[in-house]
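The values are calculated or read from the model by the stated rules, or taken from the named source; none is laboratory data. Note that this is a predicted model, so its numbers are computed, not measured. With ideal geometry, Cβ positions are generated from the backbone for all residues, glycine too; neighbour counts draw on all protein chains shown. Each accessible area value is taken on the protein alone, full model and side chains, heavy atoms only, with ligands, DNA and RNA left out. Shrake-Rupley method; radii C 1.70, N 1.55, O 1.52, S 1.80 Å.
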Amino acid sequence: MEKSIGPNPGHAASYYAASARDKRIRPKLDGEHTADVCVIGAGFTGISAALQLAENGYSVIVLEADRIGFGASGRNGGQIVNGYSRDLETIAKRYGQEKADRLGEMSLEGGRIIRERVAKYGIECDLVDGGFFAAFTDKQVKEMAEVRAHWKRHGHDGLEMVSKAEVSKYAKTDRYVGGMIDRHGGHIHPLDLVLGEAAAAESLGAKIFENSKVMHLDTGPQPFVCTEGGIVKAKHMLVCGNAYMAGIAPKVTEKMMPVSSQVMATEVLDAKLIEELLPANYCVEDANYVLDYYRRTADNRLLYGGGIGYGGQDPADLTGVIRPNMLKTFPQLKDVKIDFAWSGNFALTLTRIPHMGKLSDTVYFSHGDSGHGVTTTHLLGKILGEAVHGQMSRFDVWSSLQAYPFPGGRMFRVPLTALGAWYYGLRDKLGV
Ligand SMILES: Cc1cc2nc3c(=O)[nH]c(=O)nc-3n(C[C@H](O)[C@H](O)[C@H](O)COP(=O)(O)OP(=O)(O)OC[C@H]3O[C@@H](n4cnc5c(N)ncnc54)[C@H](O)[C@@H]3O)c2cc1C
């Protein structure tokens, strides 16, 4: 499908929405419908589950409050980061070695699912291989080397340390003292990916309704959901609303906090300039607690993200927050125009581990990928599909990982978490 910059109503005003290849608007739910499975939320989690189920012959209805990819899935940095938002050693300490080993076995699968689907369904989403984790301090380099050693024990052979002299192969800046590359990492146009996967599910019979917000969820033996204009009755419901969901499943949402992150995209840069800044065309994320992430787009813009808003609040001036960070990394861009600035919310859990489980025997959920969800949502969506199919073994591992409410309750959870982040941010600034 042709790629062009243009309006795409119902989405955040992002580079992705403007440049999405598929801008078709799906119908709104109207009247009563039945299906084997109804999925709430058309982000990576919901669409990954829907596609997995449609491939296995299930009739599937997906209900999306806004547009496909409206949430984090259509707004993120597009970075394919393998693993989880916590390293496996931390997971082993909290949940035991056996569960850490099971998670280790699955840790590269999300990236594989993406690449398999892109190839199988011919999804055009600007997929590029390779990611670079950048270190500001020797301490961060040492921590990366430890992480690499742990992952190697779990079969992750794509990680290689990068010396200070080699940094400029990946990012032409003097901010970093070294880092690590992941050959199995990479980057994509995330909205094109989720739209391509949605179209693949539709080609197998799934029905997707946009502008169809679920207002009520019944979790009984014959579950159903209601939107403003219709009802869906199904044998199973999958709740995949993540940080944008409110009201219909408090047992799920009370275990996460919406957190916003801000992203911007420059004007189209001269091809020689962007190649000089990011010669290997790998995506980059730094090792700070509140991290910067950036990459090149297919049309030669620099897409730069960072910043954090606990509770999902946005700063009034998004560019004013991100641009100074971009200029610290690439001062040579001081005269470059910013064409797009937007933000999105991801769901943070207290443990930083995704939260999967059941609300009843017929209603399952998954959310809380905590900032690194491009790969895990693909894995966990697939596992939701397996669970509906009666294959419970991987679902049981994930749903046994306990999730906790944030300390401080509704009133104080945001300031307490922000205080913790401020402390870790200060340590990064001081390099300790
Ligand atoms: C700015 C930003 C940058 C990020 N960068 C990266 C990155 O580079 N790499 C990475 O790995 N991860 C990144 N992440 C995280 C990643 O994007 C998310 O973890 C992932 O997309 C979550 O997918 P999801 O399907 O669970 O949720 P979402 O994509 O948020 O989808 C949930 C959907 O449910 C819908 N919904 C909610 N309530 C209802 C309802 N009642 N009825 C119907 N529909 C409903 C919403 O409208 C939404 O479309 C980033 C996140 C953000 C916000």
Hey, can you tell me all the residues within segment 389-401 that are in contact with a helix residue (DSSP H, G or I) (Cβ under 6 Å, 6 or more places away or on another chain) and either assigned to a helix (DSSP H, G or I) or within 14 Å of the ligand (Cβ to nearest atom) (or both)? R394, F395, V397
Lone unmet requirement of (1) of a type in the set (S, T, Y); (2) over 18 Å from the mean Cα position of the chain (by Cα); (3) near the ligand (Cβ under 9 Å from one of its atoms) for Y58: (3)
Residue selected from segment 274-298 under the condition without any contact (Cβ under 8 Å) to a residue 60 or more places away in the chain and either within 13 Å of the ligand (Cβ to nearest atom) or open to solvent by 50 Å² or more (accessible area, probe 1.4 Å) (or both), by the criterion nearest to A12 (Cα to Cα): D292
R175: in a strand (DSSP E or B) and at pLDDT 95 or above, yes or no? no
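Can you tell me which residue within segment 299-348, out of those that are of a type in the set (S, T, Y) and more than 27 Å from T45 (Cβ to Cβ), is farthest from the ligand (Cβ to nearest atom)?
The selected residue is T329.
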Hey, does segment 246-259 have a residue that's at pLDDT below 95, crowded, with 23+ Cβ neighbours inside 10 Å and of a type outside the set (V, I, T)? yes
Write out, first by first residue and then by second, each pair whose Cβ atoms fall under 6 Å of each other, whose residues are 6+ apart or on separate chains, and whose first residue, in segment 311-340, is touching a residue at least 40 places away in the same chain (Cβ under 8 Å) while the second is surrounded by fewer than 16 Cβ atoms within 10 Å (Cβ to Cβ) and part of a loop (DSSP other than H, G, I, E, B). V321/P315; T329/R175; K337/E267; D339/E267
Here is a list: A92, A49. Which entry is in a helix (DSSP H, G or I), among the aliphatic types (A, V, I, L, M) and surrounded by fewer than 24 Cβ atoms within 10 Å (Cβ to Cβ)? A92
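Scan segment 80-99 and tell me whether some residue there is under 16 Å from G241 (Cβ atoms) and within 16 Å of the ligand (Cβ to nearest atom).
Checked segment 80-99: no residue is under 16 Å from G241 (Cβ atoms) and within 16 Å of the ligand (Cβ to nearest atom).
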Top-ranked residue of segment 178-208 - restricted to ones that are in contact with a Gly (Cβ under 9 Å, 6 or more places away or on another chain) and part of a loop (DSSP other than H, G, I, E, B), ranked as surrounded by the fewest Cβ atoms within 10 Å (Cβ to Cβ): G205
Within segment 100-144, count every residue that is in contact (Cβ under 8 Å) with a residue 60 or more places away in the chain, within 22 Å of L401 (Cβ to Cβ) and among the acidic types (D, E). 1
Sort out which residues of segment 303-320 are over 28 Å from T253 (Cα atoms), assigned to a helix (DSSP H, G or I) and not hydroxyl-bearing (S, T, Y), and write them in order of number. G320
How do the pairs read when you match residues in segment 183-209 that are modelled with pLDDT of 95 or more with residues anywhere that are among the polar types (S, T, N, Q) and in a strand (DSSP E or B), using Cβ under 6 Å and keeping only pairs 6 or more apart or on different chains? H187/Q79
How many residues does segment 349-377 hold that are within 6 Å of the ligand (Cβ to nearest atom) and of a type in the set (D, E)? 1
State all residues of segment 106-127 that are surrounded by fewer than 19 Cβ atoms within 10 Å (Cβ to Cβ) and among the basic types (K, R); if no residue qualifies, say none. R112, R115, K120
Those residues of segment 173-208 that are within 28 Å of V81 (Cβ to Cβ), more than 12 Å from the ligand (Cβ to nearest atom) and in contact with a helix residue (DSSP H, G or I) (Cβ under 7 Å, 6 or more places away or on another chain) come to a total of 12
A careful count of residues in segment 1-41 that are more than 19 Å from H189 (Cα to Cα), surrounded by fewer than 18 Cβ atoms within 10 Å (Cβ to Cβ) and among the basic types (K, R) gives 1
Among the residues of segment 52-61, the number that are surrounded by fewer than 20 Cβ atoms within 10 Å (Cβ to Cβ) and either on the phi > 0 side of the Ramachandran plot or hydrophobic (A, V, I, L, M, F, W, C) (or both) is 1
Within segment 209-229, take every residue that is part of a strand (DSSP E or B) and within 11 Å of the ligand (Cβ to nearest atom) and give me the one that is surrounded by the fewest Cβ atoms within 10 Å (Cβ to Cβ). H216
